[in-house]
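Notes for the one structure printed next.
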Amino acid sequence: MSAQESGKTSHPLEWKWIVIGALVGVILLAFVLPVAGTFENRFVLILMGTVAFLLTGIIVGYRSPGVTIREAALAGLLAIIIADVMIFWVFDISLDIMEGVIFVVVGYLLSLVGGWIGEVMQGTKEPAGKVKGLQWPWILVGVAVGFILNYVAVFFLFIVFKFDVTGLLISFAFSFVIMGIIVGYKSPGVTIIEAALAGVGLIVLEYILVAAGLGGGRFTADYLMYGLIGGFILGLVGGWIGELMQEKEPVE
């Protein structure tokens, strides 16, 4: 936890990480947006942009020394400004002023959230005995990380491997296990339940998103119940695996 503790005091902006984060954000946007463009649903484009900015913030928050949430947010802000300029001036795509402003604000906020997630993941070597009760930050981290993994599994791997429905379901389920492994491995103490609850929260989030923007309003309550049970079990299994991996590491 020394990195987090050292960041509690006031410190000047780390411009290096703002620039690095902005470059990462631009690269991620340049990569994910063409992929999202292969799908007819415009909502997919929004989801992929969300993934890009969350990842930008996570990378800056996790990789940079000290607490750099501000740097992560500013990196996302700079990245979306560059993206807006390229969309309007380079690719000659009409962009409403209000849309441009909304993109900037949302990109900033998502990168800010990603930066917080990265900071939580960075300070994870506290002895288990010091951790008491349910760790809600790690449930939120699990939901955010799982959200990213879900859409990598569904959209990117679908394009690469041309999955059928069965393959998509397996890939989607596997993303929950990986999320649980990350939570179990990176968090202090035993966080198997946190990983399982993150799986439940992730199913609720995905159900809302699918119903709202991906034409999934036909899904019944039965499907939601199966999803909640499956998300809990898959997150639980992943958390258990992550804890086993953490236990095998030498104590520092």
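Remarks
For (1) surrounded by fewer than 23 Cβ atoms within 10 Å (Cβ to Cβ); (2) hydrophobic (A, V, I, L, M, F, W, C); (3) in the same structural domain as LEU209 (by TED's automatic domain parsing), each residue gets a yes or a no:
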residue: ALA30; (1), (2), (3): yes, yes, no
residue: GLU40; (1), (2), (3): yes, no, no
residue: LEU45; (1), (2), (3): yes, yes, no
residue: MET48; (1), (2), (3): no, yes, no
residue: PHE53; (1), (2), (3): no, yes, no
residue: GLY66; (1), (2), (3): yes, no, no
residue: ARG70; (1), (2), (3): yes, no, no
residue: LEU78; (1), (2), (3): yes, yes, no
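- Filtering the range 115-170 to residues that are modelled with pLDDT under 75, of a type in the set (A, V, I, L, M) and not in a helix (DSSP H, G or I) leaves only VAL131.
Conditions tested, residue by residue: (1) touching a His at 6+ places or on another chain (Cβ under 7 Å); (2) modelled with pLDDT under 90; (3) small (Gly, Ala, Ser); (4) not in a loop (DSSP other than H, G, I, E, B).
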residue	(1), (2), (3), (4)
ILE181	no, no, no, yes
ILE193	no, no, no, yes
ALA198	no, no, yes, yes
VAL204	no, no, no, yes
ALA211	no, yes, yes, yes
PHE232	no, no, no, yes
TRP240	no, no, no, yes
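- As a summary of the residue check, VAL90 satisfies the conditions (1) touching a Gly at 6+ places or on another chain (Cβ under 9 Å); (2) under 26 Å from LEU74 (Cβ atoms); (3) modelled with pLDDT under 90 except for the one numbered (1).
- Condition check for THR38: at pLDDT 80 or above and within 23 Å of the chain's Cα centre (by Cα): no
The values are calculated or read from the model by the stated rules, or taken from the named source; none is laboratory data. Small disclaimer: the values here were computed from a predicted structure and weren't measured. For neighbour counting, all protein chains shown are included, and Cβ atoms are generated from backbone atoms with ideal geometry for every residue, glycine included.
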